[in-house]
Amino acid sequence: MITASDDRHTWTARAIRLLEADANRSADTHLHVFPLPEEWGIDLYLKDESVHPTGSLKHRLARSLILYALVNGEVGPDTTLVEASSGSTAVSEAYFARMLGLAFVTVVPRSTSPEKIELIEFYGGTCHYVDEPLEVYAEAERVARDCGGHYLDQFTFAERATDWRGNNNIAESVFSQLEMERHPVPSWVVVGAGTGGTSATFGRYVRYRCHPTRIAVVDPEGSAFYEAWRTGDRAVTTGCRSRIEGIGRPRVEPSFVDGVIDEMISVPDAASIAAVRMLRDRTAHWAGGSTGTNLVGAFQLIARMRREGRTGSVVTLICDSGVRYAHTYYDDQWVAAQGFDLAPHRAQLDRFLATGEWTP
Ligand SMILES: Cc1ncc(COP(=O)(O)O)c(C=O)c1O
């Protein structure tokens, strides 16, 4: 544990070493193969970010955001860390804050899943609730101001805090894990967007490395990203709260870098949930809703590649574990209460896996 009596420089150096040591103790996340018919000549890979110590892709971002604030001199031994998060980021930030002996407060919508609240508090974090999704930003700024803390602000800094050149970012990890595959350079990488940081990292990395890989971003119902990308108007707001945790936003976030996105796909929420249940049935992987959204997008692109007579590989993510959604996406009563009819979407997914065709 580092002590507050250390002078600021010493304290910061020790804090950085602790974060680096955590990275050194962590193995890289797996790249699983999703079973598709061999004769299609197309391989689908799932980068499993649910195996990070804090259970989601946000483990990487949380470490980067806190490192970024440390090297900017914005955090010291008595700084309370503050965030606005739908959950995954806050879970990971609470873990690192505890490691550094810092208090952590996150502003979350009141409807955030109880599993995530429990996890944030398990790592010593405090939740501060707001009713409206769009209130989280101003409220997090106010909380930080009132306690003299530091607002980590994932939505603004995700694209800046992550090293897109490499440094074992998620993109570099995927490309090195594909080196021995029959299609080592993927035709498509398919991800969702919450902050937009993940798509920005992949998009910048493939351009920096001069790979022909295209980036597709999937978006759930009621999100502003798809509309903004389609119209070019970044001022779009929807005021809706996404029902697929972690992705989809009521406004276009500063870290959403539309210049690196080659395609966007809007995915019905019921299709996302049907897809993640299909994944569990076919592979025993338990994942969250945003993984289902990824799969629906990936299947559509694979069907197009087949129509165009192309072979190649497609990569997408398992973003977090399904354990967090036992009472929602995997609960038939909750699904019915949301008015979701999963059957037609499940039939569409199974038909695709049997024929390679995607029928809207
Ligand atoms: C479960 C889950 N999936 C996907 C994402 C999207 O990642 P990003 O914020 O990098 O766009 C998030 C972001 O919070 C998430 O929590």
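Projecting the Cα atoms of Ile117, Ala140, Val71 onto the dipole axis of segment 58-158, where Lys and Arg carry +1 and Asp and Glu carry -1 at the beta carbon, places Val71 farthest toward the positive end.
Peptides 167-174, 11-18, 55-62 ranked from most to least packed give 55-62, 167-174, 11-18, packing being the mean of other C-beta atoms within 10 angstrom over each peptide's residues. Potential lengthening of the chain between Glu135 and Asp281 amounts to 48.8 nm, from the contour at 0.36 nm per residue minus the alpha-carbon distance. Three principal axis extents of segment 58-158 based on alpha-carbon atoms, in descending order, are 34, 24, 22 Å. The amide H of Val105, built 1.01 Å from its N in the peptide plane, has Leu81, Val82, Glu83, Thr126 as neighbours under 5 Å, considering only residues 5 or more places off or on other chains.
Based only on the alpha carbon positions, what is the Kirkwood hydrodynamic radius of the chain, in angstrom? Answer for the chain: a Kirkwood hydrodynamic radius of 20.7 Å. With all protein chains in place and ligands, DNA and RNA left out, the 1.4 Å accessible area ranks Cys210, Cys240, Cys319 as Cys210, Cys240, Cys319, largest first. With the charge dipole of the chain set up from +1 on Lys and Arg Cβ and -1 on Asp and Glu Cβ about the Cα centre, the Cα lying farthest toward the positive end among the listed residues Thr311, Leu31, Gly356 is that of Thr311. Between Cys147 and Asp163, the simple spin-label model (points 7 angstrom out along Cα→Cβ) gives 3.0 nm. Looking at the chain alone, DSSP beta bridges between its own residues are antiparallel in about 20 percent of cases. Within segment 26-67, find all residues whose amide N lies under 12 Å from a label point positioned 7 Å from the Cα of Arg182 along Cα-to-beta-carbon. Counting backbone N atoms under 12 Å from the label point, the list is 36-44. The sum of -39500 (n - 2.57) across all DSSP H runs of n ≥ 4, divided by the residue count of the chain, sets its helix-only mean residue ellipticity at 222 nm to -13000 deg cm²/dmol.
Scalar couplings 3J(HN,Hα) for segment 33-49, obtained by applying the Karplus form with A = 6.51, B = -1.76, C = 1.60 to θ = phi - 60°, are 9, 8, x, 10, x, 3, 5, 5, x, 10, 10, 10, 10, 10, 7, 8, 7 Hz; x denotes Gly and Pro. Largest GNM mean-square fluctuation among Gly248, Gly259, Gly192, using the chain with Cα springs under 10 Å: Gly259.
The values are calculated or read from the model by the stated rules, or taken from the named source; none is laboratory data. These figures come from a predicted structure and were not determined experimentally. Here Cβ is always computed from backbone atoms with ideal geometry, including for glycine, and neighbour counts include all displayed protein chains. Heavy atoms of the whole protein, side chains included, go into the accessibility calculation; ligands, DNA and RNA do not. Shrake-Rupley method; radii C 1.70, N 1.55, O 1.52, S 1.80 Å.
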